[in-house]
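Below: one structure, written as structure tokens.
Read-outs: derived from the displayed coordinates by stated rules, not from any lab. Because the structure is predicted, anything quoted here is derived from the model rather than measured. Every residue, glycine among them, receives a Cβ derived from its backbone with ideal geometry; neighbour counts consider all protein chains shown.
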Amino acid sequence: MRDFNFFFIKGLLISLCALVVFLFSLFFLVFAHYTSKVCTNARTLSALPWAGLQNEFFSTLRACLRDWTSGLQVVSNGYYRYGKKGQFFVTPTWWGQPLVTVPQSQFQWWSKELEPKTQLPQTVNNLQSQRIALPGLPIGEHLYYQNLQNLKKFGPRHILSWVVPSFKTYLDIGTEWTTVNIKDEAVYGPAKGTMIRAYYGETLSQNPEFIRHTMNYVRAFNGMDYRVAHFFPPWFSPIFWWVVGNRPNGPLRNQEKYDKIIIPYLRERLADIAVKKGQIEETDLLSIYLKAAYKTNDPVDLDPVVIAGRFLMLTSGFTVATLSGVLHLVMNQLTANPSYIGILLKELEATTISRPGEWDAKLLHSLVHLDSIFRESMRYSKFNGFGLALMRVVTDPNGIKLPGDNPVLVPQGTWFGAPADVIHFDNCYYEDADQFKPWRFVSTDSEDRAERNMMTALSDSNLVFGRGRNACPGRFFASDFLKTYICYFITHYDIRQVPGPNANDNPTHMQIRSRKVPTWWSSE
Ligand code: HEM
């Protein structure tokens, strides 16, 4: 027995030592890779000014690490010191990948010269990891863009028809005041129902298991931070993605469960369409897709694994986080400032009375206050910790020359970006930019109400939907979706802050009760 104990303890100690040595070596490897990457990049981009550098040893490395906590300040300093004078500058980032920040005066150059030689990092990353950690898309396909074209077939009336049953299922509240979590209950519940109905159709939207696995996939997918991959040498990437993809409750586990439901369903649908010779109604995005695939008879488009993957990518990569994120911003504002609701309702009533029974783009365009509160909420929220957005990676092997008399050659693999948050808070473009003004964009000097309704309009000082070639192609659908959602919400529920000491400007909960639907609301 004593011998057994001795050997057991000895074995345990040796294993522990081996583990410590392994972890230490791994840490050393990662840190050495990170440091050498920062140093190489600092040498390559030394011709450009760097924001955030201080007069100290290992200044670039320390600037990168400091960015973790004060990134936005670093970008802001660079913007006012260099960017506003038309100079490119480098922003250090915590993931060791410095980013060449493009001044606004060079946005035309961005469109003409930069865009064709770069790609979105998410695209590069997804293409690299898709064999291992992404759904069954054909290799080399990041997103099936035809789905976005197909979405244009749906207008506000369709969206309303998906919104109504989703609210009835997910926000079934009586006439008593009830406390709910804003993000999970008032936004995420009805929003997920609407999105699944819109993309996958009525049958799957009534399958709670399907919705659960899809949303779990979305959460896991969005947790795969592509920037973390930069800490490792390229040979380690496949191992990294394999571990990330296969973690418990990770994307692959949820995708398997999603596939188990959707693939047999797709087989049935495809068989049904063959019987009906393609004559099916276009009630949701999947129906449009299947109808077109039947016509082209392309085996890739008709493969259920590919179809499942294409829809999962659209849902997880582009739709759920963006739409529910913006709804959450606006719901927070309405909860903290219930007086805003009165103004929105008055506007909706006036517009609805003038066009009874209609629920279309023209009606939504007239809701200038609603448009403004969405636009202001998006302007006011930050893209990420350091306020950089619209990132691009140089994919051209010859790199790219910056404009000017003495152009710097920026090599392949370098990242570019725009200082979006700082621009959105620049007083030159937005008066009292640090204040939230819900009706900021309700201009009174234009007679044409539709002209003022510009949530989806792009400009160099409004980057919430991006700009240029890669500007958000889903923004029109997003705008109709978000506005219809809020109109339904304010006409069917009363809300107020949760009374007590927790009431504040950024509430997590609201009190809600169903209200008598106004007589002028006849759009259902
Ligand atoms: C309010 C919600 C949304 C916001 C704020 C938003 C924002 C953005 C931004 C800023 C970009 C540009 C990224 C860049 O240039 O780096 C973008 C791209 C994109 N968005 Fe959206 N988006 C929203 C909703 C949607 C929806 C609902 C869809 C799909 C139906 C969608 C599909 C896309 C696609 C496919 C791209 C990439 C375009 C490309 O690869 O060239 N977005 N979005």
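Could you tell me the ratio Rg/Rh of the chain? Both radii from Cα atoms, Rh via Kirkwood. Could you put the intermediate results ahead of the total?
Values: Rg = 25.9 Å, Rh = 25.8 Å.
Rg divided by Rh gives 1.00.
Kirkwood Rh, Cα Rg: Rg to Rh for the stretch 150-264? Kindly include the intermediate steps, with their values, before the conclusion.
Values: Rg = 17.9 Å, Rh = 16.5 Å.
Reported Rg/Rh (Cα atoms, Kirkwood Rh): 1.08.
Quick one: Cα centre-to-centre distance for the stretch 51-120 and the stretch 182-254, in angstrom?
When both Cα centres are located, 31 Å separates them.
Over the Cα atoms of the stretch 115-176, what radius of gyration and what Dmax do you get, in Å?
18.9, 58
Can you pull the Rg over Rh of the stretch 190-317, Cα-only, Kirkwood?
So for the stretch 190-317, dividing Rg by the Kirkwood Rh gives 1.04.
How far apart, in nm, are two points set 7 Å out from the Cα along the Cα-to-Cβ line at residue 227 and at residue 520?
Label at residue 227, label at residue 520, 4.6 nm between them.
Any idea what the relative contact order of the chain is, in percent, if you count C-alpha pairs under 8 Å spaced at least 6 apart? Spell out each step's value before the answer.
On the way: 707 pairs, mean separation 108.3, N = 524.
The value is 21 percent.
Could you work out, for the stretch 50-90, what percent of all Cα-Cα pairs fall into each 10 Å distance bin, beginning at 0 Å and stopping at the bin that holds the largest distance?
32, 52, 16
Can you give the convex hull volume per residue for the Cα atoms of the stretch 145-194, as a whole number of Å³?
Working: hull volume 4.2 nm³, N = 50.
In the stretch 145-194, the Cα convex hull volume per residue is 84 Å³.
Which of the helices in the chain meet the span-like rule: DSSP H, Cα axial reach of 27 Å or more, Kyte-Doolittle mean at least -0.5?
Once both thresholds are applied, what remains is 2-44, 251-275.
Using Cβ contacts closer than 10 Å as the measure, can you line up 111, 129 from fewest to most? Could you put the intermediate results ahead of the total?
Working: 111 14, 129 20.
So the residues, fewest neighbours to most, are 111, 129.
Run the numbers on the stretch 94-247 and let me know its relative contact order in percent, using alpha-carbon pairs under 8 Å that are six or more apart.
Working: 75 pairs, mean separation 46.2, N = 154.
The normalised contact order for the stretch 94-247 reaches 30 percent.
Between residue 57 and residue 237, what is the FRET efficiency for a Förster distance of 35 Å, r being their Cβ-Cβ separation, to the nearest 0.05?
Values: r = 31 Å, r/R0 = 0.89.
So the FRET efficiency works out to roughly 0.65.
For 154, 232, what's the fewest-to-most ordering of other Cβ within 10 Å of each Cβ? All intermediate terms of the calculation are to be shown ahead of the outcome.
Working: 154 20, 232 16.
Ranked by crowding around the Cβ, least crowded first: 232, 154.
Kindly state, to the nearest 0.05, the FRET efficiency for residue 401 paired with residue 461, given R0 = 30 Å and r defined as their beta-carbon distance. Show your work: numbers first, answer last.
Numbers: r = 27 Å, r/R0 = 0.89.
So the FRET efficiency works out to roughly 0.65.
Rounded to the nearest 20 debye, what is the charge dipole size of the chain about its Cα centre when +1 sits on each Lys and Arg Cβ and -1 on each Asp and Glu Cβ?
On the way: 53 positive and 45 negative charges, 181 e Å.
The calculation lands at about 880 debye.
Counting other C-beta atoms within 10 Å, which of 262, 400, 14 has the fewest, and how do the rest follow?
Listed from fewest to most nearby Cβ atoms, that is 14, 400, 262.
Take the Cα coordinates of the stretch 1-136, assign each an equal point scatterer, and use the Debye formula without solvent to give log10 I(q)/I(0) at q = 0.11, 0.13, 0.15 Å⁻¹.
Here log10 of I(q) over I(0) equals -0.61, -0.75, -0.90.
Residue separation times 0.36 nm, minus the C-alpha to C-alpha distance between residue 497 and residue 24: what's the value? Provide the component values of the computation, followed by the final result.
Values: separation 473, 0.36 × 473 = 170.28 nm, distance 5.04 nm.
165.2 nm is the gain from fully extending residue 497 to residue 24.
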